[in-house]
Ligand SMILES: Cc1ncc(COP(=O)(O)O)c(C=O)c1O
């Protein structure tokens with residue numbers, strides 16, 4: 001949802017013409033949109049530091065690199081996520097160790113504990129579809145085994161756990177502001193942390209290693225190698241207007257979610273995804289389970305045929321679930337892969353994940369849109385009930 005606020009912030013940037021977030025101090029007329037958005041993010045997530053980057057994928061990459069994760073290190077991640085999780089891990093020469101999910105739709109703490117080896121450096125919990133992992137258990141495991149906890153909260157901005165914002169509970173938290181997220185910059189992302197060293201690393205690494213000291217970019221030093229994961233002022237400007245509307249957006253999502261959930265609750269065969277005790281989802285998706293894979297497939301087709309968009313059966317989706325990641329299992333890269341990574345992920349060729357199949361096979365995940373009116377949402381809820389009843393009857 002865009003309006004005057006987004007246009008005003010964007011026009012500020014276009015008027016003075018500085019599209020880059022760093023430097024050009026004299027030309028900016030005081031406009032530092034990325035810096036202003038970082039301040040807003042610190043307030044929203046109650047963390048000491050926030051570093052904007054160019055995408056959620058960049059956020060995960062920068063978070064891992066900032067914590068010193070690299071060649072040969074193992075990072076535990078769930079079988080249900082977006083491909084960005086293993087892309088970011090492998091780009092650093094680290095090894096993604098995929099483990100089963102449970103009915104929270106993210107890491108099963110027992111599966112995490114079983115996967116720990118002397119090479120494990122971090123656990124990456126991915127708060128999928130607006131809700132969260134069992135953070136108490138995962139924090140306990142990480143502190144017992146001295147592992148980093150990295151939260152990918154790209155899909156769960158505004159969700160909370162024991163009253164704290166998701167993304168602020170681990171050592172580092174990652175967000176995406178791409179076009180389909182609750183708040184958007186068009187493309188963008190952020191890393192949040194309370195650790196000053198990780199923050200400074202993120203600040204430098206995401207801008208070629210620039211130390212950002214002084215007002216002469218050419219004279220800045222480069223304490224270590226970096227890359228370009230910068231956000232532009234144009235993207236940050238949109239995000240700055242959007243973050244101020246987060247509460248309003250969350251309230252709309254909750255209202256729409258509640259209407260649909262109440263309607264689906266009439267169907268006794270449906271159960272809902274578990275939200276861990278103390279957690280509150282961001283209501284960006286409604287996730288539910290059907291009795292078996294066959295019924296879930298039928299329900300997915302019936303929903304599509306009746307014109308209900310945005311309902312995903314991730315078991316058959318190419319991007320979010322391990323079953324369809326043939327490019328990962330087949331190690332299909334454009335360039336030669338390091339031996340360490342090749343050996344590290346070879347386990348995937350024979351590994352099966354029956355527990356994850358049990359949950360993802362039966363799960364339908366419905367996007368909750370901000371732009372619906374109340375009557376459209378009610379109409380949609382009724383059509384969904386009809387579609388699912390049809391799937392259950394055949
Ligand atoms: C869980 C998760 N992590 C990371 C990303 C990557 O975000 P982006 O599209 O901004 O690169 C996404 C994007 O959908 C995501 O869903």
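Looking for something in a loop (DSSP other than H, G, I, E, B) and under 18 Å from the mean Cα position of the chain (by Cα) - is there at least one such residue anywhere in the stretch 20-32? The answer is no; no qualifying residue exists. Scanning the stretch 172-183 for residues that are part of a loop (DSSP other than H, G, I, E, B) and in contact with a strand residue (DSSP E or B) (Cβ under 7 Å, 6 or more places away or on another chain) gives 177, 179. Of the residues 101, 89, the single one that is in contact with a helix residue (DSSP H, G or I) (Cβ under 6 Å, 6 or more places away or on another chain), modelled with pLDDT of 95 or more and more than 17 Å from residue 231 (Cβ to Cβ) is 101.
When residue 345 is tested against (1) closer than 23 Å to residue 298 by Cβ; (2) in contact with a helix residue (DSSP H, G or I) (Cβ under 8 Å, 6 or more places away or on another chain), just one condition goes unmet, and that condition is (1).
When the stretch 313-343 is filtered for residues that are loosely packed, with under 12 Cβ neighbours inside 10 Å and within 30 Å of residue 291 (Cβ to Cβ), only 326 remains. Residue count for the stretch 355-394, restricted to those that are without any contact (Cβ under 8 Å) to a residue 24 or more places away in the chain and surrounded by fewer than 17 Cβ atoms within 10 Å (Cβ to Cβ): 5. Of the residues 259, 295, 252, which single one is closer than 19 Å to residue 394 by Cα, assigned to a helix (DSSP H, G or I) and touching a residue at least 40 places away in the same chain (Cβ under 8 Å)? Matching residue, one of 259, 295, 252: 295. Pairs linking a residue in the stretch 299-324 that is modelled with pLDDT under 95 to a residue that is in a strand (DSSP E or B) and within 14 Å of the ligand (Cβ to nearest atom), with Cβ atoms under 7 Å and 6 or more positions apart or on different chains, do not occur. Just one of the listed residues (138, 169) is in a loop (DSSP other than H, G, I, E, B), touching a strand residue (DSSP E or B) at 6+ places or on another chain (Cβ under 8 Å) and more than 10 Å from the ligand (Cβ to nearest atom), and it is 169. In summary, residue 100 fulfils each of the numbered conditions (1) out of contact with any strand residue (DSSP E or B) (no Cβ under 7 Å at 6 or more places or on another chain); (2) within 14 Å of the ligand (Cβ to nearest atom); (3) closer than 17 Å to residue 329 by Cα with the single exception of condition (2). Residue-level analysis places residue 181 outside the set of residues that are surrounded by fewer than 22 Cβ atoms within 10 Å (Cβ to Cβ) and away from the ligand (no atom under 13 Å from the Cβ). Restricting attention to the stretch 38-66 and to residues that are in a loop (DSSP other than H, G, I, E, B) and either under 16 Å from the mean Cα position of the chain (by Cα) or closer than 10 Å to residue 191 by Cβ (or both), the residue that is farthest from the ligand (Cβ to nearest atom) turns out to be 47. Identify all residues within the stretch 277-292 that are touching a residue at least 12 places away in the same chain (Cβ under 8 Å) and part of a loop (DSSP other than H, G, I, E, B); write none if there are none. Across the stretch 277-292, the qualifying residues are 278, 281, 282, 283, 284, 290, 291, 292. Name the residues in the stretch 262-276 that are under 21 Å from the mean Cα position of the chain (by Cα) and in a loop (DSSP other than H, G, I, E, B), would you? If the condition is that a residue be under 21 Å from the mean Cα position of the chain (by Cα) and in a loop (DSSP other than H, G, I, E, B), then 273, 274, 275, 276 are the ones that fit. Annotation: of all residues in the stretch 184-226 being within 14 Å of the ligand (Cβ to nearest atom) and not in a loop (DSSP other than H, G, I, E, B), the one that is surrounded by the fewest Cβ atoms within 10 Å (Cβ to Cβ) is 186.
Among the conditions (1) surrounded by fewer than 24 Cβ atoms within 10 Å (Cβ to Cβ); (2) within 16 Å of the ligand (Cβ to nearest atom); (3) farther than 26 Å from residue 331 by Cα, the only one that residue 155 does not satisfy is (1).
The values are calculated or read from the model by the stated rules, or taken from the named source; none is laboratory data. Just so we're clear, the structure is a prediction, and the values are computed from it rather than from any experiment. So basically every Cβ, Gly included, is an ideal-geometry build from the backbone, and we count neighbours across all protein chains shown.
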